[in-house]
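Student: Take this structure, written in structure tokens, and hold onto it; I'll ask about it next.
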Amino acid sequence: MTDKAKRQRIRKILYWGLPVLAILTVVLAWVLFSASHPELMPGPVAVWNRLLRTFTKPIGRINLLGHAWASLKRVLSALVFAWAFGISFGILIGWNRTARAIFGSIFEVIRPIPPIAWIPLIIMWFGIGETAKVLIVFIGTFVPLVINTSTGIRAVDEINIHVGQVFGGSRFQILTQIVIPTALPHIFAGIRTSVSSGWTTVLAAEMLGATAGLGSMVTKGWNGGDMALVLVAVITIAVVGFILSTLLSKLEKVVCPWNN
Amino acid sequence: MSESINQAPVKVAVRNLTKKFGDLLVLDNMTFDIHRNEFVCVVGPTGCGKTTFLNCLTRIHEPTEGDLYIDGVPADPRKHNISFVFQEPSAMPWLNVQDNIAYGLRIKRLPQAEIDRRVNQILDLMGLQDSRRKYPGELSVSAAQRVIIGRSFAMQPDLLLMDEPYGQMDVKMRFYLEDEVIRLWRELKSTVVFITHNIEEAVYLAQRVIILSNKPANIKETLTIDLPHPRSVSDPRFIEYRNYITDKIKWW
């Protein structure tokens, strides 16, 4: 083996090994910390046992998967609306100057408000039922979609529009066949952000009052001093979030194959 | 050197074409004809308005005065079949090679069988069969430019406009693509207007060279290059043409 090949091999092992090493270090720190301060942090074994108990003795008659699904269902229903309205609205204000002049400024004012800040108003208007939770998640997911989509629409290369004009394309053809495909990677970035911000917003919404959902598990564990339950919920949140982002990057490869 | 009489019917008639941007006069009252199946090169000093001239022909800009007629009717990209090879890379990054070539044909809503036939023909001519499913981002600069040229030729345009299409290429690739464009022009019997600041390129390609003046651009002279293709750059008559045009541009 040449020196160069050897160095490449070492580097390959290093880049494969370093993430594993990092995770092991965190787990080790967790074990050591929980062993010395069991009252502050339950250890991995305690958390694992607590996880099993969520199936044998479900919380509010719903097991862990049921809670995860309750949260996921809220996020997905909000996302369906956010994708439909957020992408259309982003295309509208990105493409049409009049629409941008009318709605752009309103949107700029609303944009920096964190979705959680709307919770009191929404609870007052819609109660604490499913509608209110889905609506809060919708607000949290709508904003990044609009921003990314309209940015993508405006980032279209003028020369590609000229190509469409020279070939005699109508304004509608230029929008659907040139401008929107150009914006797709941006739109997809918006979708990715919307999923992760939807996932964080739903937990906040659930922590304020819900009988099902991972957020309600966190609150229940917190109120009952059951830190192992809190950690079970937190780890589930991380795992679901990881699965969602993996699925999305797979989907992106299918939808925007040129962008790899 | 004089202009010879072309027997073919007039394909493109440009009449008193004038373009102003505000007070800035860029094109000044240009009038000329291009005949069917003719290969015309337009040369002129840098910044004289060559690109503006092409943009008026394609209606990216509306002329301030005068007009351009194709087969006797005012040019309109919706009615006429115009193609444009831009100076900058303009392949659609989200379409693979074959879809890029089919792009204009789909806008014109040609039948699918005809689209397939033409795309295959162009892939063969351009030597792109092996990369038909690749994206422009995966191609070399010259292959991506061949896609753009192919996309334009696939339209079998009434008028093919090329704006310094080889400006970014190295000499070897330029020679290769110059021969390629001649071959395509012959096989597909298109009418070509080719803009360049490279005089040698103009003499190598054109049946007729239109020499533009400095801004505001006007036609300084039209010159028929009476040499058979393929041409040799070392042919004394070639050199004579080249020097003649160089002098014309130098002493505007």
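None of the figures in this text is laboratory data; all of them are computed from the coordinates on show. Treat the numbers as computed from the prediction; the structure is a model and nothing was measured. Heads up, the Cβs are rebuilt from the backbone with ideal geometry, glycines too, and the neighbour counts pull from every protein chain shown.
Student: Fewest first, what order do A:Arg50, B:Arg78 take by the number of other Cβ atoms within 10 Å?
Tutor: Working: A:Arg50 20, B:Arg78 12.
The order, fewest Cβ neighbours first, is B:Arg78, A:Arg50.
Student: Return B:Ile115, A:Ile102 ranked ascending by Cβ neighbour count within 10 Å, so the fewest neighbours appear first.
Tutor: The most exposed by this proxy come first: A:Ile102, B:Ile115.
Student: Between A:Ser196 and A:Thr98, what FRET efficiency follows from the Cβ-Cβ distance if R0 is 35 Å, with the result rounded to 0.05?
Tutor: Plugging the Cβ-Cβ distance into 1/(1 + (r/R0)^6) gives 0.60.
Student: If I model a spin label at A:Ile110 and A:Ile128 as a point 7 Å from the Cα along the Cα→Cβ vector, what separation in nanometres do I get?
Tutor: Between A:Ile110 and A:Ile128, the simple spin-label model gives 2.6 nm.
Student: What fraction of the Cα pairs in region B:49-94, stated in percent, has a spacing above 16 angstrom?
Tutor: Tail fraction, whole percent: 44.
Student: If one computes the Cα centroid of region A:1-73 and of region A:134-211, what distance in Å separates the two points?
Tutor: Cα centres, region A:1-73 to region A:134-211: 33 Å.
Student: Could you tell me how many cubic angstrom of Cα convex hull volume the protein assembly as shown has per residue?
Tutor: Residue-normalised Cα hull volume stands at 236 Å³.
Student: Comparing B:Val85, B:Val171, B:Val193, which has the greatest mean-square fluctuation in the GNM of chain B with Cα pairs linked when under 10 Å apart?
Tutor: B:Val171
Student: Ok, one more. Between A:Phe85 and A:Val234, what is the FRET efficiency for a Förster distance of 30 Å, r being their Cβ-Cβ separation, to the nearest 0.05?
Tutor: 0.45
Student: Would you mind checking the pairs A:Lys6/B:Lys172; A:Lys73/A:Lys253; A:Lys250/B:Lys108; B:Lys11/B:Lys250 and listing those with alpha carbons more than 27 angstrom apart?
Tutor: On the way: A:Lys6/B:Lys172 39 Å; A:Lys73/A:Lys253 25 Å; A:Lys250/B:Lys108 34 Å; B:Lys11/B:Lys250 31 Å.
Over 27 Å apart, Cα to Cα: A:Lys6/B:Lys172; A:Lys250/B:Lys108; B:Lys11/B:Lys250.
Student: Excluding A:Val218 itself, calculate the net charge of residues whose Cβ lies under 14 Å from the Cβ of A:Val218, where each Lys or Arg counts +1 and each Asp or Glu counts -1.
Tutor: My count for the surroundings of A:Val218 gives 0.
Student: Need one number: nm distance between label points at A:Phe242 and B:Lys20, each 7 Å from Cα along Cα→Cβ, rounded to one decimal.
Tutor: 6.9 nm
Student: Let me ask something additional. Can you list the lysines whose alpha carbon sits under 16 Å from that of B:Lys50, skipping same-chain ones fewer than 8 residues off?
Tutor: Reachable lysines: B:Lys19, B:Lys20, B:Lys215, B:Lys220.
Student: Hey, what do the phi angles of region A:250-257 turn into as Karplus ³J(HN,Hα) couplings, whole Hz, using 6.51/-1.76/1.60 and θ = phi - 60°, x for Gly and Pro?
Tutor: For region A:250-257, the Karplus curve yields 5, 5, 4, 5, 7, 7, 10, x Hz.
Student: Could you please report the charge total around A:Asn96, scoring K, R as +1 and D, E as -1 over all other residues with beta-carbon less than 15 angstrom from its beta-carbon? Show your work: numbers first, answer last.
Tutor: Details: positive: A:Arg97, A:Arg100, A:Arg154, A:Arg171; negative: none.
Local charge sum for A:Asn96: +4.
Student: Here's something else I'd like to know. Once you've got the GNM for chain A with C-alpha springs shorter than 10 Å, pick whichever of A:Pro115, A:Pro19, A:Pro38 has the biggest mean-square fluctuation.
Tutor: Highest fluctuation of the listed residues: A:Pro19.
Student: How big is the gap, in Å, between the Cα center of region B:16-58 and the Cα center of region B:193-230?
Tutor: 13 Å
Student: How high is the FRET efficiency from A:Leu76 to A:Val20, r the C-beta distance, R0 35 Å, rounded to 0.05?
Tutor: So the FRET efficiency works out to roughly 0.60.
Student: Arranged by the count of other C-beta atoms within 10 angstrom, fewest first, what order do B:Glu114, B:Glu178, B:Glu200 take? Display every interim value, and only then the final one.
Tutor: Working: B:Glu114 10, B:Glu178 22, B:Glu200 17.
By the 10 Å Cβ count, ascending: B:Glu114, B:Glu200, B:Glu178.
Student: Still on this model: Compare B:Ala154, B:Ala113, B:Ala91 in a GNM of chain B, Cα atoms joined below 10 Å, and give the one with the largest fluctuation.
Tutor: B:Ala113
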